[in-house]
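Novice: Before I ask anything, let me first share the structure, which is written out below as structure tokens.
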Amino acid sequence: MATATATMPAPGTLLSPDATTQVRTRMLAIDALRGLVMLFMLVDHVRETFFLHVQVGDPMDPLNTPPELFFTRISSMVCAPVFVFLTGLSAWLYGQSHSRSEVSTFLLKRGLFLVFLELTLVNFAWNATFVPPTLWLQVIWAIGLSMIILAALIHMPRVALAVLGFVIVVGHNLLDGIVLTADSPFFEIWSILHQRSFIEITEYTRVRTTYPILPWIGVIALGYCAGPWFARNSDPSQRARRLVTWGVGLLVGFVLIRYLNVYGDKQWSSMDDGIRTLMSFMSLTKYPPSLLFLMPTIGVGLLFLAWFQQLEGRPVLKVLGLYGGAPMFFYVVHLLVLKALYLIAVQIWGLNQGSYYGFDNLSGIWLWAVLLSAALYFPTSWFAQLKQRRRDIAWLKYF
């Protein structure tokens, strides 16, 4: 999640005007993709705020979930995989103007900051209390720990790191059968790595490892290894071909492996109608992300990245780039705004859906996501420009 400013040439580096334009265009495409997934994430979080009264155990359940809810949830599938992949990519780009030890130090500090933020402000934004009965260890926690681990892994040879990332992403589903109970001495470690569990901390507090981190370590490592595709002197046309080739390859590979129904996720089955069959086919495991969850989501992300590089100068790319230029700021602010809106709605209209306040249908979710994305554009744009203008304020780069 390093910012575009972190990838600019080091002081004293001489670049031709064409090379400078290429660096800026490349980084705008990355920020724009990050901004796009933030907007998809906003839709999902509006759903989690104002549609909790639709009691389905899993919004990806093809049997019991209404199709419109299922496909609304699917729209957010790309968010975490693409964001973690871009975090690794941005770390490599940061290293173009910094030493490896400096990159490692930045990853360590940024990772610790994100873990702290998850345990404090982010949990407050979800629960409206600083001491909730359950601490939810979610995506910011997973990104933070992944960055801490990447801080050590970047000292490996790039080929070795790529192999490690590939083995983790492809092979971690072989570990699905290992389920530890709370009395095991390795229960806490395994829960953080691969098993979604509750961990009791005190008599009154527990944590939920919503995002086990092992697969995300593989994703961030692969993102880092893709960095040389975006080197300052790399050929843009060759980069585009690589992005398209890998993007299409991941999507085709997903369809083939998923159709065979032998590995990578729970099995799908034919249903009574085509929509339900498609829902079963696309019902993929996110916690932790299965191989078949990661293949299409990263594949789509690579294709978007290739496309965005072709949209140089388009206003839409600049708008998306502003959202992606201050992702942590947008993340924290949108959660606080959603919680405030929910509490205000309860005070005005009460709990109109049983024990929740909620919208009557999904159209309200999409409408409010659009309205909030427009409203949050202005503070996010202000903060992104502040980061560019005040590079002397070191802590700004952490947002």
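Novice: What residue among GLN195, GLN347, GLN267 has the largest mean-square fluctuation in a Gaussian network model of the chain, using Cα springs under 10 Å?
Specialist: GLN347
Novice: Then there's this: Put +1 on the Cβ of every Lys and Arg and -1 on every Asp and Glu Cβ in segment 146-288; which of GLN238, TRP216, GLY177 then has its Cα farthest towards the positive end of the dipole?
Specialist: So the residue we want is GLN238.
Novice: I've got another one for you. Rounded, prolate or oblate for segment 84-163? Axes are the square roots of the Cα gyration tensor eigenvalues, ordered a ≥ b ≥ c, and the cut-off for rounded is a/c under 1.5.
Specialist: It comes out prolate by the Cα gyration axes.
Novice: Right, something else. Rounded to the nearest angstrom and ordered from largest down, what semi-axes does the equivalent ellipsoid of segment 243-315 get from its C-alpha gyration tensor (root of 5λ)?
Specialist: After diagonalising the Cα gyration tensor, the semi-axes are 28, 14, 11 Å.
Novice: Evaluate the charge dipole of the chain about its Cα centre and quote only its size in Debye, nearest 20, assuming +1 on the Cβ of each Lys and Arg and -1 on the Cβ of each Asp and Glu.
Specialist: In debye, rounded to 20, the chain gives about 1340.
Novice: Name the trypsin sites (Lys or Arg not before Pro) in segment 247-324 that are in a loop by DSSP and that have at most 14 other C-beta atoms within 10 Å, would you?
Specialist: LYS266
Novice: Counting pairs of alpha carbon atoms under 8 Å apart in space and at least six apart in sequence, what relative contact order in percent does the chain give?
Specialist: 27 percent
Novice: Run the quick spin-label model on TYR263 and THR181: label points 7 Å from Cα toward the beta carbon, then report their separation in nm to one decimal.
Specialist: In this crude spin-label approximation the distance works out to 3.2 nm.
Novice: Using alpha carbon centroids, what distance separates segment 257-295 and segment 153-228, in Å?
Specialist: 22 Å
Novice: Can you give the helix-only mean residue ellipticity at 222 nm for the chain, where every DSSP H stretch with n ≥ 4 adds -39500 (n - 2.57) and the sum goes over all residues, rounded to the nearest 500 deg cm²/dmol?
Specialist: Dividing the helical sum by the residues of the chain leaves -20000 deg cm²/dmol.
Novice: Taking Rh as the Kirkwood radius computed over C-alpha pairs, what is the Stokes-Einstein D of segment 314-383 at 10 °C in a medium of viscosity 1.306 mPa s, expressed in µm² per second?
Specialist: D, rounded to a whole number, is 117 µm²/s.
Novice: Ok, one more. Taking a quarter of the surface of the convex hull around the Cα atoms of the chain, what do you get in nm²?
Specialist: The orientation-averaged projected area of the Cα hull of the chain comes to 20.9 nm².
Novice: Inverting the mean 1/r over all pairs of different Cα atoms, compute the Kirkwood radius of segment 95-239 and quote it in Å.
Specialist: Kirkwood radius, segment 95-239: 16.9 Å.
Novice: Is there a quick way to get the dipole size of segment 124-272? I mean about its Cα centre, with the Cβ of Lys and Arg at +1 and of Asp and Glu at -1; what is the value in debye to the nearest 20?
Specialist: I would put it at about 700 debye.
Novice: Which FRET efficiency, nearest 0.05, do VAL159 and ARG206 yield, Cβ-Cβ r, R0 45 Å?
Specialist: The value I calculate is 0.60.
Novice: Also: Longest span of the chain, sites excluded, free of GluC sites (Glu not before Pro) in DSSP loop with at most 16 other C-beta atoms within 10 Å?
Specialist: So the longest stretch without any such site is 1-202.
Novice: Roughly speaking, to the nearest percent, how much of the chain's 1.4 Å accessible area is carbon and sulfur?
Specialist: Result for the chain: 67 percent of the exposed heavy-atom area is carbon or sulfur.
Novice: I'd like the Karplus ³J(HN,Hα) series for segment 63-69: coefficients 6.51, -1.76, 1.60, θ = phi - 60°, whole numbers in Hz, and an x wherever there's a Gly or Pro.
Specialist: Each residue of segment 63-69 in turn: 8, 10, 9, x, x, 5, 6 Hz.
Novice: Continuing with this model, one more query. Find the percent of Cα-Cα distances in segment 344-399 that exceed 15 Å, and round it to a whole number.
Specialist: Tail of the P(r) past 15 Å holds 67 percent of the pairs.
Novice: Does segment 31-123 classify as rounded, prolate or oblate by the C-alpha gyration tensor (a ≥ b ≥ c root eigenvalues; a/c under 1.5 gives rounded; else a/b over b/c gives prolate, otherwise oblate)?
Specialist: prolate
Novice: Kirkwood hydrodynamic radius of segment 169-299 from all distinct Cα pairs, in Å?
Specialist: One decimal place: 17.1 Å for the Kirkwood radius.
Novice: Express in whole angstrom the spacing between the alpha-carbon centres of segment 88-144 and segment 345-381.
Specialist: 27 Å
The values are calculated or read from the model by the stated rules, or taken from the named source; none is laboratory data. Quick caveat: nothing in here was measured; it's all calculated off a predicted structure. As a convention, Cβ positions derive from the backbone with ideal geometry for all residues, glycine included, and neighbour counts pool all protein chains shown. Heads up: the accessible areas ignore ligands, DNA and RNA and are worked out on the full protein's heavy atoms, side chains in. Shrake-Rupley method; radii C 1.70, N 1.55, O 1.52, S 1.80 Å.
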